[in-house]
Each structure stands twice: as C-alpha cells, then as structure tokens.
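Comments concern the structure below.
The values are calculated or read from the model by the stated rules, or taken from the named source; none is laboratory data. Predicted, not measured: the structure shown is a model, and the values here were computed from it. FYI the Cβ positions are ideal-geometry reconstructions off the backbone, even for glycines, and counts take in every protein chain you see. The accessibility values were calculated without ligands, DNA or RNA, using every heavy atom of the protein model including side chains. Shrake-Rupley method; radii C 1.70, N 1.55, O 1.52, S 1.80 Å.
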Amino acid sequence: MKNTVLTLLQQKQDGDKITMLTAYDYTTAAIIDECGVNCILVGDSLGMVMLGYENTLPVTMEDMIHHTSAVSRGAKNAFIVADMPFMSYQASVEQAVINAGRLVKEGGANAVKLEGGAEVCEQIRAIVKASVPVVAHLGLTPQSVNVFGGFKVQGKNLSKAASIIRDAMLIQEAGACAVVLEGIPARLAEIITEKLDIPTIGIGAGSACDGQVLVYQDMLGLTNGKAPKFVKRFADVGALMKQGINDFINETRSGAFPSEEYTYSVSEEVIKELKEEGVIQ
Ligand code: KIV
C-alpha cells in the first residue's frame, strides 16, 4: 500500500512508529521499499555520502532532481520526500514554489523538505498552497552549519529550546505535514511530539518521536570515520563489500574466476566448421 500524508498522520494517531531511511539511487530505493519502510528521504546529505563534499551546501537542484527521479523509479510504496537544497528556497517565496514544483514534476517526489522555522513559514504556506506537501526540519539543521559553528546539538539552553518549540508550532500552523527533529535533547523532542498534531521524525532526538530516520550508509556501516552518537550500525555492509571485492580480485588473479559455471559454451561442431572455413587454424 502506498504511504501518503494521511497514512503517516494515522500512524501518529495510532502510536504506530514511522520509519524513514535515506536513499539516493534506484537499486537502494527498491531494496528499502521492498522492506516496507514508510518513507524514503532523498536527503541533501547526498552531497556528503554520494558526492564526497564536506557538507550539504554545494548540493544543487539538478543534483536533487537527478537522484530523486532515480529513487522514485525504484520505490513503489514509500512516501518519497526530497530535500530542497541550500539556497533553493531561502531567497524568495516564488523561487521556493518553483523549485518545490520541480522536485515533484521532474523528480517524482511526493513531498519536499526544507530547513528552518519562523523564517521559512511563508515559503511553507506558499508551497502547500501549490499542492506540494512540506516536511519541515528543526534543531541541528545542516544547511546552517556555518551559523552553528559545526554540527552541534541544538536546544540545550532555555532560549534555544523555547525557540525550537515555537518554531515547531509555527511550521505546523503554516501547513507542514511532518517535521524532522535533528540533534536535540530527547526530552525536548518528547515535548514537541506531544504538542504537535503532525508526526515528528527524529534523528538524534530520542525515542519519543513519532518516527525515526537515519542515513542508510551510516546505519549499514558504509561510512568511514567516527559516526555521531545517535547512529546505530544495524549491519556492517561495508565489511561485506570489501570481502566480496577482495575475493573477486584474488580469484581473477588466480584464474579461479570465471569457472565453467559462469562461462558460455559453443559446440565443437562450430569450432570444426570455423577451421574448415579457414576462419581459424
Ligand atoms: O539530508 C538528510 O539526509 C537529512 C536527514 C539527516 C534527516 O536531512
């Protein structure tokens, strides 16, 4: 069954946790979709995990459309959310609506996600009015990395916690259909989840959220370096890949691959005829 804004809302009301994972390509999207994950996020994290940038800031609309359309061809039932990249919605409301529309029209997204609270409510209102569902994103919003001075947990002091709660109320009022809460204390996420009618989807925001999202490379052990505290490695696919690749190298070098099992044959009759025709000796 296709997940929609309505099924996600129903999940919140039923206390049925929402699952969301990132995907950026056709093959991964098909695997994640087959597992029955509710939502696939084509995150601008693709700038880091797919394109090797240091942060999400260089990601373009063209990058997002390219990857979103691959994901939407692979996923049948998941609700597909595409990130609006840095500077695709901040400069003007009109630009925000045009770019949100492109992610739906050209990328096949079911909804768009943008970062921020009060400062993007006008954009949320206009995009929703144009019939595109909007997922908001509060807390540690990676596009503000330069303002935060790094990827740091947000909402730990009174004024920041109060402003995140206020923003959560405002984005709901503006028409957002869900909100991602990233890198905030669990108790703050719990308060916001209780206050809002729309689902909260947490990443580094504790277990009280209505759902959880992770970057698939992080949770499958495909990323290098020290992972943030909130990342649980559910499998070590990176080690499995290295094992397979090393086996390929060794078997190719030794001649063990390809064995007959992986080889096409031709009848001796044809070889004999090739000789008779003088094609080979
Ligand atoms: O871009 C992304 O993958 C995200 C998640 C971290 C929520 O925004």
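May I have the convex hull volume per residue, in Å³, for the Cα set of the stretch 1-74?
Values: hull volume 7.6 nm³, N = 74.
Once divided by residue count, the hull of the stretch 1-74 is 102 Å³.
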Quick one: how many Å² of ILE249 are accessible to a 1.4 Å probe, rounded to 10?
-> 60
Taking the chain as a Gaussian network, where each spring joins two C-alpha atoms under 10 Å apart, which residue of ASN246, ASN77, ASN99 fluctuates the most?
-> ASN246
Alpha carbon convex hull of the stretch 223-281, volume per residue in cubic angstrom = 142
Across the Cα atoms of the stretch 50-99, what radius of gyration and what greatest pairwise Cα-Cα distance (Dmax) are found, in Å?
-> 12.3, 34
Can you pull the percent of the chain's accessible area that's carbon plus sulfur, 1.4 Å probe, other chains left in place?
-> 56
Pairs beyond 22 Å (Cα-Cα), from LYS17/LYS113; LYS76/LYS105; LYS152/LYS232; LYS105/LYS195 = LYS105/LYS195
Given springs between every Cα pair under 10 Å in a Gaussian network model of the chain, which of LYS229, LYS152, LYS129 has the largest fluctuation?
-> LYS229
Would you kindly state how much longer the chain becomes between ASP197 and ALA256 on full extension, computed as 0.36 nm times their sequence separation minus their alpha carbon distance, in nm to one decimal?
-> 15.2 nm
On a C-alpha basis, how far is the centre of the stretch 244-281 from the centre of the stretch 2-47 in Å? Whole number, if you could?
-> 45
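Full extension from TYR53 to LYS232: what is 0.36 nm times the residue separation minus their Cα-Cα distance, to one decimal in nm? Mind dumping the intermediate values first?
Values: separation 179, 0.36 × 179 = 64.44 nm, distance 2.28 nm.
Stretched fully, the TYR53-LYS232 segment lengthens by 62.2 nm.
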How large is the accessible surface per residue of the stretch 83-145, computed with a 1.4 Å probe and reported in Å² as a whole number?
-> 37
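In what sequence, largest accessible area first, do SER163, SER131 appear using a 1.4 Å probe?
Numbers: SER163 30, SER131 100 Å².
Ranked list, largest accessible area first: SER131, SER163.
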How are the Cα pair distances of the stretch 175-248 distributed, in percent, across 5 Å bins from 0?
-> 3, 16, 21, 17, 13, 11, 8, 5, 4, 2, 1
May I have the extent of the alpha carbons of the stretch 107-225 along their three principal axes, as whole Å values ordered from largest to smallest?
-> 42, 38, 29
Residue-level accessible surface for MET50, protein heavy atoms, 1.4 Å, Å² | 70
Ordering PHE148, PHE248, PHE230 by how much accessible area each has at a 1.4 Å probe, largest first, what is the list?
-> PHE248, PHE230, PHE148
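Add +1 for every Lys or Arg and -1 for every Asp or Glu among the other residues with Cβ under 11 Å from the Cβ of LEU114, and state the total. Could you put the intermediate results ahead of the total?
Working: positive: LYS113; negative: ASP44, ASP83, GLU115, GLU119.
Result for the local shell: -3.
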From the C-alpha gyration tensor of the stretch 25-65, square roots of 5λ in Å = 22, 10, 9
Cα-Cα P(r), the chain, percent of pairs per 5 Å interval = 1, 6, 11, 15, 17, 15, 10, 5, 3, 3, 3, 3, 2, 2, 2, 1, 0, 0, 0
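Placing unit charges on C-beta atoms (Lys and Arg positive, Asp and Glu negative, everything else neutral), compute the dipole magnitude of the stretch 100-197 about its Cα centre in debye, rounded to 20. Working shown, then result.
Details: 11 positive and 10 negative charges, 26 e Å.
Computed about the Cα centre, the dipole is about 120 debye.
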For the stretch 137-183, what is the Kirkwood hydrodynamic radius in Å, using each pair of distinct C-alpha atoms?
-> 11.2
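Just how large is the dipole of the chain about the Cα centre, in debye to the nearest 20, putting +1 at every Lys and Arg Cβ and -1 at every Asp and Glu Cβ? It would help to have the intermediate numbers written out before the result.
Values: 24 positive and 33 negative charges, 269 e Å.
Taking the Cα centre of the chain as origin, the dipole is about 1300 debye.
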About its Cα centre, how strong a charge dipole does the stretch 1-59 have in debye, to the nearest 20, once Lys and Arg get +1 and Asp and Glu get -1 at the Cβ?
-> 180
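Sorted by accessible area (1.4 Å probe), largest first, how do ARG253, ARG125 line up?
Working: ARG253 195, ARG125 110 Å².
So, going from the largest accessible area down, we get ARG253, ARG125.
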Before rounding to the nearest 500, sum -39500 (n - 2.57) across all DSSP H runs of length at least 4 in the chain and divide by the residue total; then give [θ] at 222 nm in deg cm²/dmol.
-> -12500 deg cm²/dmol
If one computes the Cα centroid of the stretch 83-99 and of the stretch 185-237, what distance in Å separates the two points?
-> 26
Counting only protein heavy atoms and leaving out ligands, DNA and RNA, the solvent-accessible surface of ILE164 at a 1.4 Å probe, in Å² to the nearest 10, equals 10
Note the angle between two axes, namely the Cα long axis of helix 158-174 and the longest principal axis of the Cα atoms of the chain, as a number of degrees from 0 to 90, rounded to the nearest 10.
-> 80
